[in-house]
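Comments concern the structure below.
Coordinate-derived values only; no laboratory data. What you see is a predicted model; the values in this text were computed from it and never measured. Please note: Cβ atoms are built from the backbone with ideal geometry, for glycine as well, and neighbour counts cover all protein chains shown.
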Amino acid sequence: MYSLAIYLYMFAANVAALFGNKKARLMVRGHRHTWRILRDKIKPVDRPIWFHAASLGEFEQGRVLMERLKREQPEYKILLTFFSPSGYEVRKDYEYADAVCYLPFDTFLNARKFLRLAHPEKAIFIKYEFWANYMERCRRQAVPLYSVSSIFRPGQVFFRWYGGDYRRVLRCVTHFYVQNEESRRLLASRRINNVTITGDTRLDRVVQIKEAARPLPLVAAFAEGADKVFVAGSSWPPDEDIYLPYFASTPGWKLIIATHEVSTERTERLRQRFESLGLHTVAYSELKAEGSASLAGNDEAGERPSVLIIDCFGLLSSIYRYATVAYVGGGFGAGIHNVPEAAVYGLPVLFGPNNQKFQEAQALLKCGGAFQVESPEDFTAMVQRFADEPATLAAAGRASETYISSSSGASERIYAAIFGA
């Protein structure tokens, strides 16, 4: 059944590529290049360590491990594979990897050919990645296979009454480094006990990003003089429906909005929406082009802009440092985005209701560092409370900071276990 599903998926991807689907076309084309990349980049005398990530988020969870390995044990070569174009196309030139390629579809023949060309000494699969044929081939060739930052839930097929065939895949794993106690318990219920609770390596990455964050003088100039700054990261239109009403009627705040989708059209639509409510806006690209002149005001009274729209990628993790309160978008859609990226700065973090599958969000809700909002009224009540009660604001910020600092360190523990450092 598994193999049939893989072949059906292959067929669908090829058909989609043929009819112009960009993602499918990139994937199918990329798979063809994998074999050449392996032959060119991985030689028989090399000692590769294979890291596999589905996409960009999983890559970030393994990044601290890869970079430390490259610095401390350069005798190894790092082979990095992706399944999704959204990961590969962004990180195909990643400087710490010796070879980056797509992982071809999980067929028996592909797995055999891949392991022959790559001949990894160890394999590290990040979070949700469980590919039956590749994992079985690792087991047959005695390649130690580690599942890092993995997380399991009762509804997964491994724990269903009909999941016996899928559970066999789990027995190919040399050791699981899981995020929480529930994952350990679920695995133990299926007599899988080669498990260590280490937490999520993503927290180490956000700490690393914070330590390397660069000052942003233009953003600092925009925020200058404001008592309170609200930063919305990865914002979608439904998120804006939640927070806009409050700021439309409450003066004294500066707003910095980093939209999930970055385009000229998205920026202009958002600008028009703010302007219709009397909130003067400026885009980051305008700040770069015009400097402080674009902060001088855009009406007859010379009123300074109170809203900054970030119309580029790559700044959000540094922007949170300027916030009083942060909001992380996506909670009224498929799911919230990167909550720890904001919490690491010791901020109260707000987000929408679709957050149940995100362990860090649940932990922050429990400790009082994060808050769920489901309506404009919820948002107004919470943010006004922060504005009126400095002690409540400070306590929520401390809770976020304490959670991040006390929960980090997973990468150190995993690295020591796998590589003996």
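What the table below lists for this structure:
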item: Where GluC sites (Glu not before Pro) fall in DSSP loop in segment 341-421, at most 13 other Cβ within 10 Å; result: Glu374
item: Taking the C-alpha atoms of the chain, convex hull volume expressed per residue in Å³; result: 157 Å³
item: Alpha-carbon gyration tensor eigenvalues x 5, square-rooted, for segment 210-407, Å; result: 26, 18, 17
item: Label-point separation, Glu377 to Glu211 (7 Å along Cα→Cβ), nm; result: 4.6 nm
item: For the chain, calculated [θ]222 nm from helices alone, where every DSSP H run of n ≥ 4 adds -39500 (n - 2.57); result: -15000 deg cm²/dmol
item: Sites Lys288 and Asp227, calculated FRET efficiency, Cβ-Cβ separation with R0 22 Å, nearest 0.05; result: 0.25
item: Gained length - Ala395 relative to Glu95, 0.36 nm times residue gap less alpha-carbon distance; result: 104.0 nm
item: Exposed chymotrypsin sites (Phe, Trp or Tyr not before Pro) absent - longest run of the chain, DSSP non-H/G/I/E/B, at most 10 other C-beta within 10 Å; result: 163-312
item: Potential extension, Ser249-Glu265 segment - 0.36 nm per residue separation minus Cα distance; result: 3.2 nm
item: Cross-link reach list, aspartates and glutamates versus Lys23, counting only Cα pairs under 20 Å and skipping chain neighbours closer than eight places; result: Glu58, Glu89, Asp93, Asp106, Glu129, Glu261
item: For segment 322-371: rounded, prolate or oblate by the Cα gyration tensor [a/c cutoff 1.5]; result: oblate
item: Segment 166-227: trypsin sites (Lys or Arg not before Pro) in DSSP loop, at most 11 other beta carbons within 10 Å; result: Arg191
item: Cleavage-rule hits (GluC sites (Glu not before Pro)) in segment 1-108: DSSP loop, at most 11 neighbouring Cβ within 10 angstrom; result: Glu75, Glu95
item: Two-decimal log10 I(q)/I(0) for segment 1-82, as the Debye equation yields it once each C-alpha is a single scatterer, q = 0.11, 0.14, 0.16, 0.24 Å⁻¹; result: -0.43, -0.67, -0.82, -1.14
